[in-house]
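The structure appears right after this line, and notes come after that.
The values are calculated or read from the model by the stated rules, or taken from the named source; none is laboratory data. Computed from a prediction, not measured in an experiment: that's the story for all the values here. Cβ sites come from the backbone with ideal geometry, for glycine too, and all protein chains shown count toward neighbours.
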Amino acid sequence: MRNLKAWRRRVVAMLAILAAAVLVSSASQALATIPHSSTGVITGCYTSTGALRVVDAQQGKTCATGETQVAWNATTISASRWVSGTVVPLVRSGGVPQVITRQPTAQLPAGSWVVTAAVLIANSLEPPTSFRCFVQSRGKLIFVGGQLQDWGGAGGWHRTMVVTGMVTLPEPDWLDVFCSHDQTVPSGGVLQAESVDVVVQRVAGVF
């Protein structure tokens, strides 16, 4: 009889623990909305060291100071990131595209990719000049680009150009970052790209 009572107590205790675990799990599922319940978008924050964490944007969570926000659709099937801190002096002649960084990893598989490239540019020169940066594939010359209009040293030395877009690679390829400026500028001073941060996300389809 004593053995039976002890067995029953153990069963009741185990059921209580299981019930508590279910309640905790249910509460967590009720509070968490990752990905976004309406858009399916996942929001994350990453640091300069490459540490990435997911945040619940639907619940009002945001990135902390020193973190950069990145978002991707729930249909993302793979992603990659590469960062370069190599300083690249820009030529003084206008309209000459330069390689700022080449993709250091293996070729990206064929498919649709969402691309975000952030290029930090330093310019101490006057008069102002217009900067252009773009991401280009090596094979089929597919590219996405942007423009930083009329900026000179009087407005502050540093600017970050963020290039975003989607490319569809018909075959495996690399994506490289190029920059140029429109006007020929004088010698002396500082004119250079100081860092590049590229994030690519392969998606199951265009969204």
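Could you check region 173-207 and list, in sequence order, the residues that are of a type in the set (D, E, K, R) and in contact with a Gly (Cβ under 9 Å, 6 or more places away or on another chain)? Walk me through it before giving the result.
First pass over region 173-207, keeping only residues of a type in the set (D, E, K, R): 173, 176, 182, 194, 197, 202.
Listed by number, the residues that qualify are ASP173, ASP182, GLU194, ARG202.
Here's the yes/no breakdown for (1) in a strand (DSSP E or B); (2) modelled with pLDDT under 90; (3) over 20 Å from VAL162 (Cβ atoms); (4) within 22 Å of the chain's Cα centre (by Cα):
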| position | (1), (2), (3), (4) |
| --- | --- |
| MET14 | no, yes, yes, no |
| ALA19 | no, yes, yes, no |
| VAL22 | no, yes, yes, no |
| THR39 | no, yes, yes, yes |
| GLY66 | no, yes, no, yes |
| VAL70 | yes, yes, no, yes |
| SER78 | yes, yes, yes, yes |
| GLY94 | no, no, yes, no |
- prompt: without any contact (Cβ under 8 Å) to a residue 12 or more places away in the chain, exposed (fewer than 13 other Cβ atoms within 10 Å of the Cβ) and closer than 26 Å to TRP157 by Cβ: does that describe THR65?
  reply: yes
task: Collect the residues in region 187-197 that are in contact with a Ser or Thr (Cβ under 7 Å, 6 or more places away or on another chain) and either free of Cβ contacts under 8 Å to residues at least 24 places away in the same chain or assigned to a strand (DSSP E or B) (or both), keeping them in residue-number order.
output: SER195, VAL196
